[in-house]
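The values are calculated or read from the model by the stated rules, or taken from the named source; none is laboratory data. None of the values given here were measured: they were computed from a predicted structure. Note that each Cβ is placed from the backbone with ideal geometry, even for glycine, and that neighbours are counted across all protein chains shown. Keep in mind that these areas ignore ligands, DNA and RNA; they rest on the heavy atoms of the full protein, side chains included. Shrake-Rupley method; radii C 1.70, N 1.55, O 1.52, S 1.80 Å.
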Amino acid sequence: TNPYYRPILDLYYRAVYYVFGANPHVYHFLNIAIHIINGLFVYFLMMLIGLARPLFLVIAALFLAHPVQTEAVACIAGISNLSSALFFLLAMAAFLQPSRRTGVKILTVSLCYLLAVMCKEQAIVLPVVLLWFILLGIPRKGKELLDDGIKTLIGLVVVAVGYFVWRQTLFGGAWAG
């Protein structure tokens, strides 16, 4: 049996095949398009974090052009990395975006997190990354960040536990990924 549980990728492959057939050029084009969107999100995150303006473009360009990205972009199966990164970056952007509606923020970040994990299991580390942001006070300091951040982290822990329980239900002892 395959211990991977990536239902978002199954839906993606089925939808692309249904619309475009088995044309490999379409799959490659979509990988490139998602990679460019991820680069735009990296640029946007740099603004939210509050880095110096000239660094935005440099960091986003480095993300887009770095050789470590080659396999994910060039290989059709690399969509798992690209789609997981997309939802991971969306979750980070939602987390860092100032909001007066904490419940909506928690729901948005949690949904993006669940989608990222359902694309590739390595996205499970998002709560650790966001905890690091909270401890560093990025992008803003104070009680508001701490309160929103802790509530959001609790929501993410609930999602992670639910994900692991769901995997255990589906696969029994197959935890490899």
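List of remarks:
- Probe 1.4 Å, protein heavy atoms only - accessible area per residue of the chain in square angstrom: 57 Å²
- Here CYS75 and VAL128 are evaluated by their C-beta separation; at R0 = 35 Å the FRET efficiency comes out at 0.80.
- Counting only protein heavy atoms and using a 1.4 Å probe, the accessible area of GLU71 comes to about 140 Å².
- Accessible area of TYR13 in the full protein assembly, 1.4 Å probe (Å², nearest 10): 70 Å²
- Amide H contacts under 5 Å for TYR4: none, restricted to partners 5 or more places along the chain or on a different chain, H placed in the peptide plane at 1.01 Å from N.
- Using the rule -39500 (n - 2.57) for each DSSP H run of four or more residues, divided by the residues of the chain, the 222 nm mean residue ellipticity is -25500 deg cm²/dmol.
- With all protein chains modelled, accessible area of VAL73 [1.4 Å, Å²]: 30 Å²
- Estimated from the Cβ-Cβ distance and a Förster radius of 30 angstrom, the FRET efficiency linking VAL104 and PHE29 is about 0.35.
- Within the chain, the selection of entire DSSP H helices by a Cα span of 18 Å or greater along the long axis and an average Kyte-Doolittle value of at least 1.6 returns 53-65, 79-96, 102-119.
- Whole-percent carbon and sulfur share, accessible surface of the stretch 59-163, 1.4 Å: 75 percent
- Largest to smallest accessible area among THR102, THR152, THR169 [probe 1.4 Å]: THR169, THR102, THR152
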